[in-house]
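One structure below.
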Amino acid sequence: MDIRQPAEIHIPPKPQEALEDRKLLDRPSREETLQSDSWRVLRITSEFVAGFDHLADVYPAVSIFGSARTKLSNKYYDAAVRTAELIGKAGFAIITGGGPGIMEAANRGARQAGALSVGCNIELPFEQKINEFVDRAMTFRYFFVRKMMFVKYSEAFITFPGGFGTLDELFDALTLIQTKKVTNFPVILFGTDYWSGLIDWMREKVLTANNIVQEDVDSIHLVDEPEKVRDIVVAFHENALRSKNDEDKRLAAVAKSD
């Protein structure tokens with residue numbers, strides 16, 4: 001009998017040398033699925049949806065930022081409590097990052113005023129618990145989703161002394177205002193001693209180098225009194241309401257004439 005040898009012998013790959021098709025068709029482990037970019041997009045989307053649903057009825061509101069490391073004995077802790085209390089009594093909800101320090105102080109002030117106290121917490125390598133003065137809490141995985149909530153549902157950013165996280169939130173707001181991505185709203189820095197050096201640097205270095213314009217710097221309010229913060233917030237809110245009413249009347253008149 002004529003026995004013919006095959007021209008090529010196919011040797012199946014070892015499991016550790018699996019082809020790309022096999023990688024695609026094999027069912028991934030739960031850990032692999034959760035770490036994949038496509039699944040991450042879904043998680044990001046779900047965080048946006050959850051945030052929008054959770055905060056849709058929060059109006060009017062302001063966001064208050066500052067260091068999580070600020071102690072109860074610090075003068076800025078007391079100032080944040082007083083500021084949030086005054087703004088809360090003026091009819092505003094208070095939104096913070098939900099953690100300790102200045103965030104806790106602002107939520108405490110909201111509670112004392114009987115205003116809605118919101119905490120948008122963030123998952124961190126070290127545990128950051130929601131403070132006890134938060135009435136409505138959310139915890140986010142992603143900083144950029146969390147920052148979206150601060151901007152979307154606030155009529156003012158009030159920034160107390162803080163570190164990198166506080167600066168990130170501050171400059172994110174300033175950039176959005178500068179680039180007209182959001183309607184202009186008050187950005188208030190509380191504490192002349194702490195913030196005046198930053199403002200001086202912006203004027204002397206950044207503005208002089210033509211990297212920003214005068215309007216960018218002038219839009220920042222530098223204050224030391226909680227009452228002044230409240231007055232700025234209330235004045236902006238009332239002006240925004242008047243502008244909206246005027247626009248509604250204009251549109252109604254146009255519709256009637258048609």
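We did not get these values from a lab; they are worked out from the coordinates using the rules stated. Note that the structure is predicted; figures quoted are calculated from it, not measured. Cβ atoms come from the backbone with ideal geometry, glycine included; neighbour counts cover every protein chain shown.
The table below gives the values:
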| read-out | value |
| --- | --- |
| Extension reserve of the residue 53-residue 112 stretch, reckoned as 0.36 nm per residue once the Cα distance is removed | 18.6 nm |
| Taking only Cα atoms of the chain, radius of gyration then Dmax in Å | 26.0, 105 |
| Fewest-first ranking of 118, 41, 182, 234, using other Cβ atoms within 10 Å as the exposure measure | 41, 182, 234, 118 |
| Gap separating the Cα centres of the range 225-247 and the range 58-94, nearest whole Å | 18 |
| Percent of C-alpha pairs per 5 Å bin, the range 68-140, short to long | 4, 22, 29, 24, 15, 6, 1, 0 |
| Between helix 192-201 and the chain: long-axis angle, C-alpha atoms, 0 to 90°, nearest 10 | 70 |
| Helix axis angle, 102-113 relative to the chain longest principal axis, alpha carbon, degrees | 50 |
| Helix 75-89 vs. the chain, principal-axis angle (Cα, 0 to 90°, nearest 10) | 80 |
| Spatial separation of Cα centroids for the range 101-141 and the range 154-208, in angstrom | 22 |
| Cα-centred dipole magnitude for the chain, charges only on beta-carbon of K, R (+1) and D, E (-1), debye, nearest 20 | 360 |
| Residues whose placed amide H lies under 5 Å from that of residue 61, excluding near-sequence neighbours | 93, 155 |
| Extension reserve of the residue 213-residue 78 stretch, reckoned as 0.36 nm per residue once the Cα distance is removed | 45.2 nm |
